[in-house]
Amino acid sequence: GSYQWANDSAEPTHRDMQAVLKSPLLKGMINPKQVFLLGFSQGALHSMILVSQKTDDYAGVVALSPGGSLSSQILNPALKQSRVCVFIHGAKEPHAPIAARWKAACEKAGWRYLGKVHPGAHEFPENWGEFLPELAKFLTGK
């Protein structure tokens, strides 16, 4: 019955992310044109919302099993500006229709899209460590 993420808007998440990225501790260490968000569950949901709405601030998203109170905001993405989306979910959860919508929207908007389905449920894939090199290559386009 409680949330660690804002349950009415992703805007607080955006403000927090921007505060971290603009922190003096990170000055000169971050290329603002190469900020990719990675999240699981509600973190993935907020990341997808931010990348679709704040295209000047984020280069892409790696979303693992997105879900939560703002799920309706990612059902019909209206994407702009070319970005990157990786959508990963378990075969035992109902994400296939959302992934298909995002794939279609990414193709229409010129985003690079990578979809992965692992055999599990609402969890990180067991082979996550093995997938990281492929993921890094995809995100950087190299």
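The values are calculated or read from the model by the stated rules, or taken from the named source; none is laboratory data. Given the structure is predicted, the values throughout are model-derived calculations rather than measurements. Glycine also receives a Cβ, built like all others from the backbone with ideal geometry; neighbour counts cover every protein chain displayed. Surface areas here come from the heavy atoms of the whole protein model, side chains and all, with no ligands, DNA or RNA. Shrake-Rupley method; radii C 1.70, N 1.55, O 1.52, S 1.80 Å.
Working note: Cα gyration tensor of the stretch 62-124, eigenvalues times five, square-rooted, sorted largest first, giving semi-axes of 20, 13, 9 Å.
Considering only protein heavy atoms and a probe of 1.4 Å, how much of the accessible area of the chain is carbon and sulfur, as a whole percent?
Values: 4370 of 8080 Å².
Of all accessible area on the chain, carbon and sulfur atoms account for 54 percent.
Computed on the stretch 32-93, with alpha-carbon pairs under 8 angstrom and 6+ residues apart, the relative contact order is 35 percent. A protection proxy built from the mean count of other Cβ atoms within 10 Å ranks the segments 125-131, 47-53, 29-35, most packed first, as 47-53, 125-131, 29-35.
Under the rule a/c < 1.5 gives rounded, and otherwise a/b versus b/c splits prolate from oblate, where does the stretch 99-142 land using the Cα gyration tensor? It comes out oblate by the Cα gyration axes. When the alpha-carbon atoms of the chain are used, the pair Rg, Dmax equals 14.7, 43 angstrom. Note on the chain: GNM, Cα springs under 10 Å; of 84, 20, 61, the largest mean-square fluctuation is that of 20.
In the structure shown, the pairs 33/137; 27/80; 27/142; 27/108 are assessed against 24 Å; a Cα-Cα span above that value is assigned to 27/80; 27/142; 27/108. Highest mobility in the GNM of the chain, judged by mean-square fluctuation with C-alpha springs under 10 Å and restricted to 25, 70, 114, is found for 25.
Between residue 93 and residue 140, what FRET efficiency follows from the Cβ-Cβ distance if R0 is 25 Å, with the result rounded to 0.05? Efficiency for this residue pair is about 0.30. Residues in the chain average 57 Å² of solvent-accessible surface per residue, probe 1.4 Å, ligands and nucleic acids excluded.
Between residue 71 and residue 124, the modelled label-to-label distance comes to 2.3 nm, taking each label 7 Å out from Cα in the direction of the beta carbon.
Only protein heavy atoms count here; on that basis, with a 1.4 Å probe, residue 140 has an accessible area of about 80 Å².
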